[in-house]
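As structure tokens, the structure follows; a few thoughts come after it.
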Amino acid sequence: MEELSAIPVWLCIPFAGLLLSIAVMPLIKPDWWEKHQPLAVAFWSVLFIVPFAAKYGMFTMGETVLECVVNDYLTFIILLFGLFCVAGNITIDGEFAGSPRINTALFVLGTLLSSVIGTTGSSMLLVRPFIKMNSWRKRKSHIMIFFIFLISNMGGCLTPIGDPPLLMGFMRGVPFFWSLKLFHILIFNMIILLTLFYFLDRRAYRKDIAEGRKPDIREPGTHVRIVGLHNLIYVAMIVGAVILSGMLPGMSAFQNADGTVKGIHILGEVTLGFPSVIEIVIILLAAFLSFKTTKEEVRIRNHFTWGAIQEVAVLFIGIFITMQPALMILKANGAELGINKPFEMFWATGALSSFLDNTPTYLVFLTTAGALGFKSGVVTTLGSVPVKMLEAISCGAVFMGANTYIGNAPNFMVKSMSDENGVRMPSFFGYMVWSLTCLIPVFIIDMLVFFL
Amino acid sequence: MENKNKYYDIAERIYDLDGEVYECVGSSLGRTFTGDKRTCVESLVKLMRTKPQGHLLRSELALISNMARTIRKDEDRSRLMRKYDEILKEIAELPAGFGKVEILDENRAKLNTSNLRQKFSKDDHLIICIGRTHGSAGNDIGFALADALRINYYDAEIFNEVLRRLDAEKDSVVDVADLGTNEIENKYQGSGRTLKERLKDFDRYHGLTKEDAIFFNQSDLICKKAKEEDFIVMGRCADVILANNHIPHISIFITAPFEQRVHRVMEVNNLDHKKAERLLKKIDRQHSKYYNFYTGQKWGDAVNYDICFNSASYGIEESVEIIERMLNQHTNA
């Protein structure tokens, strides 16, 4: 699509308004918000669409909205939906008692798993066991907050499967296993955050015990049993679909003569590429088969409801539509920001990824870095990017998605599912207080150690 | 009194509603109020009294409604949401000033009456929890008191029962309550154990540390026994465990001047002064750490006990008699 020149900043007001609604409305009008979320989303979306259409014409507006809905939102929500369905059909029975030790150990496993099956897959798979294990405790919201920090975000930095921005990087020529170079940064962050978590959780755990709370461990032995284990095949199917969506567009069979990706034409330059269609079909098939082959009893025991995915689907379509002007401004001016040092890239990519979709943000700064004219480094289709700079962009995009509930897809899902299962999660701003006090200092240390 | 009953009535209905909602959902992930009914009701009443329409209480209730809204059967969902709305309405109508005039911790106040027997109803058992410093002859006083009152005396017996429940080998575990956390960690978390053994323990203790698993089981056992019989229990944070579970009991702390205790340890353990002193300090520190870890309270702090006793002032026999008199249970009376 043609670049639109001089997007006025005021067109970002609906995006800010929607974010503010998500942050404030659950606090001041919780019942109204719960019932009328679609209305609020429609209101802010229309508030963007109408002035945009007035300024650039109906066709451009249609193209812009359809481009983000068809090419960004659709694959985003289908992936989330698929993993949500499949993970909902796996239940872990057993009497594990949530304690600082086991929570920390599972965080290590979960964080590493995120790079194998993606942050969304890992989050959906582990959120219920974490809730169940810690259900005996009163103070448990911090556990789910660190779950979002580590499993839903940071863990995804090691492979292109882990987080969509890295998949974009892979599609632009960054080698598949290059992200493993971030391992030492991930481990460094895990050590700091898990140490902090352990002591916070230990304090909360002691308070719970002092109040007389105790897990039911009368019988010896934990008796762990996974029901619906065959659904891991469908998880693998979905992960495979994501990898395919990253690889197929580069193959000549899926390209037109001009190098664009073949697909279903929708409007103007908006085309739903065949690789995306294949991805969608495989994910939906996996979800369907998962439902067909798993007894309903498993979903009931898992407290499987559509509430969480419904909430995310509604809010994020509004977020995707209203954030377009902000992304356009970023694309138009990203190169002129004068950002050319790794630490600047780290903070710029990170700060914007906290509120905007981290995939386009990553791309903007990768493009900027590629255009800086470096002669050595990682060779991409956008130009050579020094290793340190690419590390900074990747870490910024992946890590700082944890700064807000809307920074990364699984964040809000984990919040919604926790809310539905007796965990009192903090509000939008309450969560940001956690990220400001726990994550930002870690990112400052990251900058000092790795990106200066 | 009318207001107080109203608070309890509402709190009980909230607890029951949560249970009903959880049952209708069919989930196994855990309900909103996971503690025992009495504890949950008390904490809800406390929330209502201190902040009748406050943010915390509303948040607790919102968690129930979050779950209720996901009930599959329309009929059940609307029935329970109606109940929820009714409770919410009643809470909104509660008098805001009530909490300001009421004594908040009246249960604690009841525990401190001059006649300790007043805190037991006809259906309650006589349970005496004795905490003691090492060398204060607390164990001897406890044992003699149990004998005089003709009730059971529990010390290591509780621990042995826990081992049986946990299916643990006796040699691999040491009585935490007797030694304190540090020493336990050194004793049974030391190196030399194979990965297989560690995994076996991990499974056996539900992923918890041994000392935590033992503490939780001890808590269970103490509460279970408290419903069945009269007894004296030594240490094991039993006073706080029973208080948390709203089980009437008498808590006694026995100590003696440090020098006096040193002399006793020197005689009993055949140690020189320096070694006895070092041993006492170490054991006091471990007891304090253990008690503080599991109760959040300060070990030996007079405000945490009904009676604090200096055994050096009376000796073993007279200490027993005094406690008996206080209990109004003197067998020779």
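The values are calculated or read from the model by the stated rules, or taken from the named source; none is laboratory data. Quick caveat, the model's predicted, so the values are computed rather than measured. Counting neighbours? That spans all protein chains shown, and the Cβs are built from the backbone with ideal geometry, glycine included.
The set of residues in the range A:127-153 that are over 19 Å from A:E95 (Cβ atoms), among the hydroxyl-bearing types (S, T, Y) and within 14 Å of another protein chain (Cβ to nearest Cβ) contains only A:S141. Note on the range A:371-395: residues that are crowded, with 24+ Cβ neighbours inside 10 Å and in a helix (DSSP H, G or I) total 7.
Among the residues of the range B:192-207, the ones that are surrounded by 13 or more Cβ atoms within 10 Å (Cβ to Cβ) and either within 19 Å of the chain's Cα centre (by Cα) or of a type in the set (D, E, K, R) (or both) come to 5 in all.
Only one of the listed residues (B:L57, B:L17, B:L61) is modelled with pLDDT of 80 or more, hydrophobic (A, V, I, L, M, F, W, C) and more than 23 Å from the chain's Cα centre (by Cα). That residue is B:L17. Any idea which residue in the range A:220-230 is farthest from A:N103 (Cα to Cα), counting only those that are surrounded by 15 or more Cβ atoms within 10 Å (Cβ to Cβ) and more than 9 Å from chain B (Cβ to nearest Cβ)? Among those that are surrounded by 15 or more Cβ atoms within 10 Å (Cβ to Cβ) and more than 9 Å from chain B (Cβ to nearest Cβ), it is A:G228. A:I233 satisfies every condition listed in (1) within 14 Å of chain B (Cβ to nearest Cβ); (2) free of Cβ contacts under 8 Å to residues at least 24 places away in the same chain except (1). Of the residues A:V86, A:V108, the single one that is in contact (Cβ under 8 Å) with a residue 24 or more places away in the chain, out of contact with any strand residue (DSSP E or B) (no Cβ under 9 Å at 6 or more places or on another chain), among the aliphatic types (A, V, I, L, M) and surrounded by fewer than 21 Cβ atoms within 10 Å (Cβ to Cβ) is A:V108.
Summed over the range A:205-219, residues that are under 20 Å from B:F202 (Cα atoms), more than 7 Å from chain B (Cβ to nearest Cβ) and either free of Cβ contacts under 8 Å to residues at least 40 places away in the same chain or assigned to a helix (DSSP H, G or I) (or both) total 1. Taken over the range B:64-98, the criterion of being modelled with pLDDT under 85, out of contact with any Lys or Arg (no Cβ under 9 Å at 6 or more places or on another chain), farther than 26 Å from A:K415 by Cα and assigned to a helix (DSSP H, G or I) is satisfied by B:K89, B:A92. When B:F309, B:F253, B:F293 are checked against the criterion of being touching a residue at least 24 places away in the same chain (Cβ under 8 Å) and either among the acidic types (D, E) or within 14 Å of chain A (Cβ to nearest Cβ) (or both), a single residue qualifies: B:F293. Just a yes or no: is a residue in the range B:292-302 surrounded by 14 or more Cβ atoms within 10 Å (Cβ to Cβ), under 25 Å from the mean Cα position of the chain (by Cα), not aromatic (F, W, Y) and not in a loop (DSSP other than H, G, I, E, B)? Taking every residue of the range B:292-302 in turn, at least one turns out to be surrounded by 14 or more Cβ atoms within 10 Å (Cβ to Cβ), under 25 Å from the mean Cα position of the chain (by Cα), not aromatic (F, W, Y) and not in a loop (DSSP other than H, G, I, E, B). Whenever a residue of the range B:217-234 is farther than 13 Å from B:N245 by Cβ and within 13 Å of another protein chain (Cβ to nearest Cβ), its partners that are modelled with pLDDT under 90 and in a helix (DSSP H, G or I), lying with C-beta atoms within less than 7 angstrom and at least six residues away or across chains, give the pairs B:N217/B:V162; B:N217/B:R165; B:N217/B:L166.
Is one or more of the residues making up the range A:163-170 free of Cβ contacts under 8 Å to residues at least 40 places away in the same chain, in a helix (DSSP H, G or I) and either surrounded by fewer than 24 Cβ atoms within 10 Å (Cβ to Cβ) or of a type outside the set (K, R) (or both)? The answer is no, given that none of the residues of the range A:163-170 is free of Cβ contacts under 8 Å to residues at least 40 places away in the same chain, in a helix (DSSP H, G or I) and either surrounded by fewer than 24 Cβ atoms within 10 Å (Cβ to Cβ) or of a type outside the set (K, R) (or both). From the list B:L221, B:L271, the one residue that fits, being modelled with pLDDT under 90 and either of a type in the set (F, W, Y) or touching an Asp or Glu at 6+ places or on another chain (Cβ under 7 Å) (or both), is B:L221. For the range A:92-103, does any single residue satisfy the condition of being under 19 Å from the mean Cα position of the chain (by Cα) and touching a residue at least 60 places away in the same chain (Cβ under 8 Å)? No - not one qualifying residue is present in the range A:92-103.
None of B:G190, B:G138 is more than 14 Å from chain A (Cβ to nearest Cβ) and at pLDDT below 55 except B:G190.
Within the range A:108-141, the set of residues being more than 19 Å from the chain's Cα centre (by Cα) and more than 17 Å from A:N302 (Cβ to Cβ) comprises A:W136, A:R137, A:K138, A:R139, A:K140, A:S141.
Can we say B:K274 is over 24 Å from B:A137 (Cα atoms), of a type in the set (K, R) and part of a helix (DSSP H, G or I)? No; evaluated as a whole, the condition is false for this residue.
Does at least one position in the range B:271-290 carry a residue that is in contact (Cβ under 8 Å) with a residue 40 or more places away in the chain, touching a strand residue (DSSP E or B) at 6+ places or on another chain (Cβ under 9 Å), among the aliphatic types (A, V, I, L, M) and more than 27 Å from B:T34 (Cβ to Cβ)? Scanning the range B:271-290 turns up no residue that is in contact (Cβ under 8 Å) with a residue 40 or more places away in the chain, touching a strand residue (DSSP E or B) at 6+ places or on another chain (Cβ under 9 Å), among the aliphatic types (A, V, I, L, M) and more than 27 Å from B:T34 (Cβ to Cβ). For the range A:264-304, filtered to residues that are part of a strand (DSSP E or B) and among the aliphatic types (A, V, I, L, M), the residue that is nearest to the other protein chains (Cβ to nearest Cβ) is A:L272. Per the listing A:I266, A:I217, A:I238, A:I243, the residue uniquely at pLDDT 90 or above and not acidic (D, E) is A:I238.
With respect to B:I316, determine if the residue is away from chain A (no Cβ under 14 Å) and part of a helix (DSSP H, G or I). Yes: the conditions hold for B:I316.
Consider the range B:256-290 and keep the residues that are of a type in the set (S, T, N, Q) and closer than 20 Å to A:I209 by Cα. The one that is nearest to the other protein chains (Cβ to nearest Cβ) is B:S288. Cβ-Cβ distances below 8 Å connect the following pairs, each with a first residue in the range A:376-391 that is at positive phi and at pLDDT 85 or above, a second residue that is crowded, with 17+ Cβ neighbours inside 10 Å and of a type in the set (A, V, I, L, M), and a separation of six or more residues or different chains: A:G377/A:V385; A:G377/A:M389; A:G377/A:L390. Of the residues making up the range A:305-331, those that are within 14 Å of chain B (Cβ to nearest Cβ) and either part of a helix (DSSP H, G or I) or buried (at least 24 other Cβ atoms within 10 Å of the Cβ) (or both) number 5.
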